[in-house]
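See structure below.
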Amino acid sequence: MRESAFSPKIILIGAGNVAWHLGHRLREVGIDVVQVVNRSAEHGRALAGSLGADWTVDSSSISRKGELYILAIRDDAIASLAQELKNFLPENALVVHTSGGTPGAVLSASFRRHGVLYPLQSFSREQQVVWEDIPVCIDASTEADLQFLEKVARNLSPKVFKVTDDARAIVHVAAVFANNFPNFLFSVSELILENERLPFDLLRPLILETARKVQTRSPASMQTGPAVRGDDATIARHQQYLERYPELAELYRTLTLSIKSRHQK
Ligand SMILES: NC(=O)c1ccc[n+]([C@@H]2O[C@H](COP(=O)([O-])OP(=O)(O)OC[C@H]3O[C@@H](n4cnc5c(N)ncnc54)[C@H](OP(=O)(O)O)[C@@H]3O)[C@@H](O)[C@H]2O)c1
């Protein structure tokens with residue numbers, strides 16, 4: 001349930017996929033993003049315009065009145081931008097990042113009050129998301145800030161989890177296996193079909209059903225295909241076809257071996 005009276009002043013740093021979705025969700029639940037700060041004017045202006053917020057490209061013009069500064073920028077830029085912002089923000093500013101794979105501690109050299117607000121979903125600007133379903137993992141350097149972040153997060157989604165740096169790093173590894181790798185494998189299927197002038201649409205229902213099944217069952221118990229069946233004749237035919245794609249043949253071999261070693265004990 002949204003807490004309508006709760007409207008802290010939020011400064012959004014970044015204007016990429018996460019900043020875009022986060023900014024619009026905050027606006028949707030009645031929390032104003034007062035300023036967007038972004039390296040490139042084009043993206044910053046576009047996001048700020050659609051949020052009705054101020055914007056700047058200049059770190060020295062960042063508002064000092066924020067109650068929460070959210071760094072939604074590339075992982076490898078977080079530490080250095082935090083160091084830069086330290087010169088312009090009040091000493092007691094609360095600064096968080098949105099990264100699953102980056103320790104909250106990268107902010108500790110610059111800010112005493114720091115934390116993480118990691119929405120566990122794959123965000124692309126052009127693709128809508130259902131915020132009510134998104135787990136939001138939070139962490140903070142003090143108990144008071146953790147409580148404050150929990151309040152912000154509960155306005156985004158009812159699924160809020162307090163997750164330490166160590167646990168979040170593990171969740172992030174698991175998320176890479178659950179999302180990044182399967183998506184890459186979808187793109188491999190797309191490439192193979194395209195090269196044979198076949199439509200990727202052939203596979204869309206299969207992909208959807210695979211994702212649907214694991215909503216209620218363990219993926220391990222749902223494994224199908226030649227590797228889990230030990231169907232070596234089919235595997236050999238696939239490998240023969242894949243000789244024209246040496247990299248994919250290697251990927252096929254590795255995944256097949258991995259499935260066999262997990263399932264044929
Ligand atoms: N996308 C996801 O699915 C997802 C999900 C959860 C968490 N996250 C995390 O959220 C954060 C943002 O991810 P994203 O997907 O929104 O990234 P993104 O779409 O690639 O946007 C990156 C943002 O970082 C800015 N940026 C890049 N290099 C910079 C630098 N050196 N200094 C200052 N700003 C810089 C970019 O500015 P310009 O506009 O000028 O290029 C842009 O605003 C990351 O920590 C990521 O791990 C991502």
**Message:** 7 Å from Cα along Cα→Cβ at both Asp58 and Ala105: what's the point-to-point distance in nm?
**Reply:** 3.7 nm
**Message:** Counting C-alpha atoms alone, how compact is the chain: give Rg to one decimal and Dmax as a whole number, in angstrom.
**Reply:** 22.2, 67
**Prompt:** Which percent of Cα pairs goes in each bin when the distances of segment 128-178 are cut into 10 angstrom slices starting at zero?
**Reply:** 25, 46, 27, 1
**Asked** Using the Kyte-Doolittle scale, which helices in the chain average at least -1.0 and also have C-alpha atoms spread 18 Å or more along the helix axis, with helices defined as whole DSSP H runs?
**Response** 143-156, 181-195, 246-263
**Message:** Let me check I've understood the local charge: for Phe88, count other residues with C-beta under 13 angstrom from its C-beta, Lys and Arg +1, Asp and Glu -1. What total comes out?
**Reply:** 0
**Request:** Pull up the DSSP beta bridges for the chain and report the antiparallel fraction as a percent, rounded to 5.
**Result:** 20 percent
**Request:** Can you work out the PRE-style zone for Arg74? Point 7 Å along Cα to Cβ, and I want the residues of segment 36-55 with backbone N under 13 Å.
**Result:** 39-40
**Request:** Compute the distance in nm between two label points, each set 7 Å from the Cα along the Cα-to-Cβ direction, one at Leu251 and one at Gln83.
**Result:** 3.7 nm
**Request:** State, in angstrom, two size descriptors of segment 136-265 derived from its alpha carbons: Rg to one decimal place and Dmax to the nearest whole number.
**Result:** 20.0, 61
**Message:** From the gyration tensor of the Cα coordinates in segment 45-140, what semi-axes in whole Å does the equivalent ellipsoid have, largest first, with each one equal to sqrt(5λ)?
**Reply:** 22, 18, 12
**Sites Ala211 and Lys151 - FRET efficiency at Förster radius 35 Å, r taken between beta-carbons, to 0.05** = 0.65
**Sequence ranges 99-106, 223-230, ranked by mean other-Cβ count within 10 angstrom, highest first** = 99-106, 223-230
**Message:** To the nearest 20 Debye, how big is the dipole of segment 1-42 about its Cα centre, given +1 on the beta carbon of each Lys and Arg and -1 on that of each Asp and Glu?
**Reply:** 60 debye
**Complete:** Here, Arg39 and Asn195, labelled 7 Å along Cα→Cβ, have an inter-label distance in nm of 3.4 nm
**Asked** Got the relative contact order for the chain handy, in percent, Cα pairs under 8 Å and 6 or more residues apart?
**Response** 12 percent
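Any read-out appearing in this document is the output of simple, stated calculations on the displayed coordinates, not a laboratory observation. The model shown is predicted, which means the values in this text are computed figures rather than measured ones. In this analysis, Cβ positions are derived from the backbone assuming ideal geometry, glycine residues included, and neighbour counts consider all displayed protein chains.
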